[in-house]
Amino acid sequence: MSTLIDLRRIPAHVAIIMDGNGRWAQHRGALRPTGHREGSQTVRQIVRASRRLGLRALTLYAFSEQNWQRPSFEVDALMELLREFLVTEREEILENGIRLTSIGRTERLPSRVLEVLRPLEAESANNTGMTLCLALSYGGREELADTMRALAAQVARGELAPSSVDESSIDHAMPSMAQGTVDLLIRTGGEQRISNFLLWNAAYAELVFSERLWPEFEVEDLYDAIAEYQGRDRRFGKVSALSPDALAPDPTPSELATAVHA
Ligand code: IPE
Ligand code: IPE
Ligand code: MG
């Protein structure tokens, strides 16, 4: 099946919780790392499709702060796949003007990952195509805590007045906000939860949950998610722009009284 999407209304920033690799492997009687390997192929396809669609940013939840608690052979396999991805995709990323960034407590990553991640971030820093942001050793609560600590330190140094701490100063201090707010947040694998992803940033993201396990998620499924997003009415707490109430002039006091008491 092919989905029609409106290319004039592509979400600027898509974020994906890439879930279901382990189950994909287990269903085949294989070990979980086999699912992660297959999942890394999906990453390649989805990054390519996102760039072709003209997304401004794609944030991928690749490894959570809580994922360190998995068995060490699985963590090692994930780190190896991450390193491989950065090595094999380097050329394509640079050729296509993609800017690669990361969010999370990346200092916890092993040096064999950091030694390919940091140079690629630096080399691609001035690229103006899509930003590919990898959430690595990332947690939404951890990001909030780190941001609050940084702001508190600024206050302690006398650089920031407590009364100036507001949504905007938090936005500026929060790494995941550098890519702008998320428009569409997709989670694959059938679970309907946030699992500590972009807690601040995704306040008004449209959520789309896919039953597909990440290794079987295809470009068509991304198009489906975008089509679903395009059918949503984003109100941001206001009255729908499509509602007749939003288009009509303000009611007179007597019309309002009738409406309230009706
Ligand atoms: C997502 O797949 C990948 C990571 C969390 C790194 P999972 O490994 O969580 O797969 P399931 O949810 O156990 O199937
Ligand atoms: C979320 O998936 C993290 C990533 C996809 C990297 P998890 O599999 O870790 O989340 P839970 O355990 O289902 O909440
Ligand atoms: Mg999972």
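The values are calculated or read from the model by the stated rules, or taken from the named source; none is laboratory data. Please read all numbers here as calculations on a predicted model, not as lab measurements. Virtual Cβ from ideal backbone geometry, glycine too; neighbours counted across all protein chains shown. Surface areas here come from the heavy atoms of the whole protein model, side chains and all, with no ligands, DNA or RNA. Shrake-Rupley method; radii C 1.70, N 1.55, O 1.52, S 1.80 Å.
The table that follows gives values for the structure above.
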read-out	value
Label-point separation, SER240 to ALA259 (7 Å along Cα→Cβ), nm	1.6
Percent carbon-and-sulfur accessible area, the chain, ignoring ligands, DNA and RNA, probe 1.4 Å	52
Where the chain is the region considered: accessible area per residue in Å², 1.4 Å probe	53
Centroid-to-centroid separation of the range 176-237 and the range 33-80 [C-alpha atoms, Å]	16
Relative contact order %, the range 67-215, counting alpha carbon pairs below 8 Å whose residues are six or more apart	20
For the chain, calculated [θ]222 nm from helices alone, where every DSSP H run of n ≥ 4 adds -39500 (n - 2.57)	-14000 deg cm²/dmol
Scattering curve values for the range 84-228, log₁₀ I(q)/I(0), Debye with Cα scatterers, q = 0.15, 0.16 Å⁻¹	-0.97, -1.08
Net charge over other residues, Cβ less than 12 angstrom from the Cβ of LEU94 (K, R count +1; D, E count -1)	-4
For the range 212-227, Karplus couplings with θ = phi - 60° (6.51, -1.76, 1.60), whole Hz, Gly/Pro x	4, 6, 3, x, 9, 6, 10, 3, 4, 5, 5, 4, 4, 5, 5, 4
Distance (nanometres) between label positions extended 7 Å along Cα→Cβ at ARG105 and ASN126	3.5
Mean projected area in nm² (Cα convex hull; one quarter of hull surface) for the chain	19.4
Peptide ranges 196-206, 233-243 listed from the most packed, as the mean C-beta count within 10 angstrom indicates	196-206, 233-243
